[in-house]
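**Student:** Submitted below is the structure of interest, expressed as structure tokens.
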Amino acid sequence: MGQVTLTDVRKVFGAFTALEGLNIDIAEGEFVALLGPSGCGKSTTLRMLAGLDFPTAGTISIGGRVVNDVPPGKRDIAMVFQSYALYPHMTVAENIAYPLKKRGMPKAERTAAVQKAAATLQLEPLLDRKPRQLSGGQQQRVALGRALVREPKVFLLDEPLSNLDAKLRSYMRAELIELHRRIGKTMVYVTHDQLEAMTMADRIAVMHGGRLQQFDTPAAVYDRPANRFVAGFIGTPSMNLVEGAVRDGTFVFAGQALPLPKDRFGDVPEGPAVLGLRPEDIRLEQGPLQGTLRLVENSGHEQIVTVEVPGGTRLLVRAEAGRPLSMGQSATLAVETARLHLFAPGETGARLGRDPGGAVVEMAPRQSGGAS
Ligand SMILES: Nc1ncnc2c1ncn2[C@@H]1O[C@H](COP(=O)(O)OP(=O)(O)O)[C@@H](O)[C@H]1O
Ligand SMILES: [Mg+2]
């Protein structure tokens, strides 16, 4: 019913290719986030699912039916925009009822549907208000209510929480997760915020430069990023990415040599590569790397430490709160080698080596799509 499939989708605006080779398969009831930096093609993808824009090539199907030529109103979808797009002169109840009225639904049925949506979203006390008498979060709930009453197969949401302040955003995140759990409908959720995608989605489609970089669960994109772009985009603070080379079973950079576990990286050919280390996978303990603490940022529950290693490379390290650390202090670094990553050179250099645990040999090609 609510499966969504994009097959070899391409979108060109004049001379500009906005999307290329897009293949995404979303299951009924799944919550999928389209995640990527501004301009990577997220909204264009969503607009094509909604029927507000059309692919230059490829097919889009919803519920097993190709919808390339089906107008928005006949696609069984509902879209929620960042701007809410509420009618200012209508009350909350009228705003929510609007799509049903347009559809010609009789008044009594309409009222019942509005009541049901209002109960789901806790909007009952606000039904007689105008949008300007509502907070941002309440307006967002009205926009959701207007989508809900249509009982679509698929919800399409484009950065719906971007206009809210941080506290309200985290509250609405929880509300949306809960809503999805209750109604069980397919949701395609566009965001540039990796935390939103990580916390809300069943699977994340990471996009960059109009191409899909990886489509997998939050745990998989975090633990096994498919390429250097995904590695750097997912996680806060970002993964440390260090240019260097594989030589004699070690990763060599700025005169230091970090031993590479043979079971994972024994098959990686010698030559230029990029090392990936998450801040929590480096410890300020006895270890193979030497450095100087350049910055200590204490957030109360942890400290983020910038460590400069010889040659000038700076690494971010997570340390526990309360540990006495000061700028200028020298330190050695231990690395959780089981959680280290290697990538081919280039902006979207592919993941190299085997995954931890080692069963699956996944030798990625040295050159990937956007490698420069
Ligand atoms: N109607 C259009 N005409 C020309 N270029 C467009 C149009 N719509 C989007 N683009 C371009 O396509 C790229 C992707 O846009 P968009 O899908 O809005 O990105 P995102 O939502 O990921 O920020 C951007 O470079 C944008 O400028
Ligand atoms: Mg957008």
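The values are calculated or read from the model by the stated rules, or taken from the named source; none is laboratory data. Just so it is clear, the structure is predicted and the values come from calculations on it, not from any experiment. For neighbour counting, all protein chains shown are included, and Cβ atoms are generated from backbone atoms with ideal geometry for every residue, glycine included.
Matching residues to (1) modelled with pLDDT of 95 or more; (2) within 16 Å of ligand 2 (Cβ to nearest atom); (3) among the aromatic types (Phe, Trp, Tyr):
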site: 55; (1), (2), (3): yes, no, no
site: 68; (1), (2), (3): yes, no, no
site: 76; (1), (2), (3): no, no, no
site: 94; (1), (2), (3): yes, no, no
site: 150; (1), (2), (3): no, no, no
site: 156; (1), (2), (3): yes, yes, no
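**Student:** While we're on this one: So which of 232, 184, 266 ends up being on the phi > 0 side of the Ramachandran plot and out of contact with any Pro (no Cβ under 8 Å at 6 or more places or on another chain)?
**Tutor:** Only one candidate passes the filter, namely 184.
**Student:** Could you tell me whether residue 217 is closer than 28 Å to residue 192 by Cβ, modelled with pLDDT under 95 and surrounded by fewer than 20 Cβ atoms within 10 Å (Cβ to Cβ)?
**Tutor:** On the way: closer than 28 Å to residue 192 by Cβ: yes; modelled with pLDDT under 95: no; surrounded by fewer than 20 Cβ atoms within 10 Å (Cβ to Cβ): yes.
In short, no.
**Student:** Here's another thing I want to ask about it. Sort out which residues of segment 319-343 are without any contact (Cβ under 8 Å) to a residue 40 or more places away in the chain and either assigned to a strand (DSSP E or B) or among the small types (Gly, Ala, Ser) (or both), and write them in order of number.
**Tutor:** Result: 319, 320, 321, 322, 326, 328.
**Student:** Test of understanding: among 121, 144, 164, 156, which residue is within 16 Å of ligand 1 (Cβ to nearest atom), of a type in the set (A, V, I, L, M), within 23 Å of residue 196 (Cα to Cα) and in contact (Cβ under 8 Å) with a residue 12 or more places away in the chain?
**Tutor:** That would be 156, the only listed residue that is within 16 Å of ligand 1 (Cβ to nearest atom), of a type in the set (A, V, I, L, M), within 23 Å of residue 196 (Cα to Cα) and in contact (Cβ under 8 Å) with a residue 12 or more places away in the chain.
**Student:** Quick check, is residue 230 touching a residue at least 24 places away in the same chain (Cβ under 8 Å), crowded, with 19+ Cβ neighbours inside 10 Å, outside the structural domain of residue 137 (by TED's automatic domain parsing) and outside any strand (DSSP E or B)?
**Tutor:** Judged against the criteria, residue 230 is a match.
**Student:** Can you pull out the residues in segment 175-193 that are surrounded by 21 or more Cβ atoms within 10 Å (Cβ to Cβ) and more than 14 Å from residue 159 (Cβ to Cβ)?
**Tutor:** Hits for segment 175-193 are 185, 186.
**Student:** Another question, then. Taking residue 295 and the conditions (1) modelled with pLDDT of 95 or more; (2) of a type outside the set (Val, Ile, Thr); (3) over 24 Å from the mean Cα position of the chain (by Cα); (4) not in a strand (DSSP E or B), which numbered condition does it fall short on, given that it satisfies the others?
**Tutor:** In the conditions (1) modelled with pLDDT of 95 or more; (2) of a type outside the set (Val, Ile, Thr); (3) over 24 Å from the mean Cα position of the chain (by Cα); (4) not in a strand (DSSP E or B), residue 295 misses (4) alone.
**Student:** Does at least one position in segment 65-85 carry a residue that is within 16 Å of ligand 1 (Cβ to nearest atom), within 19 Å of residue 7 (Cβ to Cβ) and in contact with a Pro (Cβ under 8 Å, 6 or more places away or on another chain)?
**Tutor:** Checked against the condition, which is being within 16 Å of ligand 1 (Cβ to nearest atom), within 19 Å of residue 7 (Cβ to Cβ) and in contact with a Pro (Cβ under 8 Å, 6 or more places away or on another chain), segment 65-85 yields no hits at all.
**Student:** Find the residue count for segment 8-19, including only residues that are away from ligand 2 (no atom under 16 Å from the Cβ), more than 14 Å from residue 205 (Cβ to Cβ) and assigned to a strand (DSSP E or B).
**Tutor:** Of the residues in that region, 4 qualify.
**Student:** Scan segment 147-163 residue by residue and report those that are farther than 19 Å from residue 120 by Cβ and surrounded by fewer than 19 Cβ atoms within 10 Å (Cβ to Cβ).
**Tutor:** 162, 163
**Student:** May I ask you to list the residues in segment 35-74 that are part of a loop (DSSP other than H, G, I, E, B) and in contact (Cβ under 8 Å) with a residue 60 or more places away in the chain?
**Tutor:** Residues satisfying the conditions are 36, 37, 38, 40, 41, 63, 64.
**Student:** Failed condition for residue 32, given (1) more than 13 Å from ligand 2 (Cβ to nearest atom); (2) outside any helix (DSSP H, G or I); (3) over 18 Å from the mean Cα position of the chain (by Cα), with all others met?
**Tutor:** (3)
**Student:** Hey, does segment 9-27 have a residue that's within 16 Å of ligand 1 (Cβ to nearest atom), of a type in the set (Val, Ile, Thr), surrounded by fewer than 22 Cβ atoms within 10 Å (Cβ to Cβ) and within 15 Å of residue 189 (Cα to Cα)?
**Tutor:** yes
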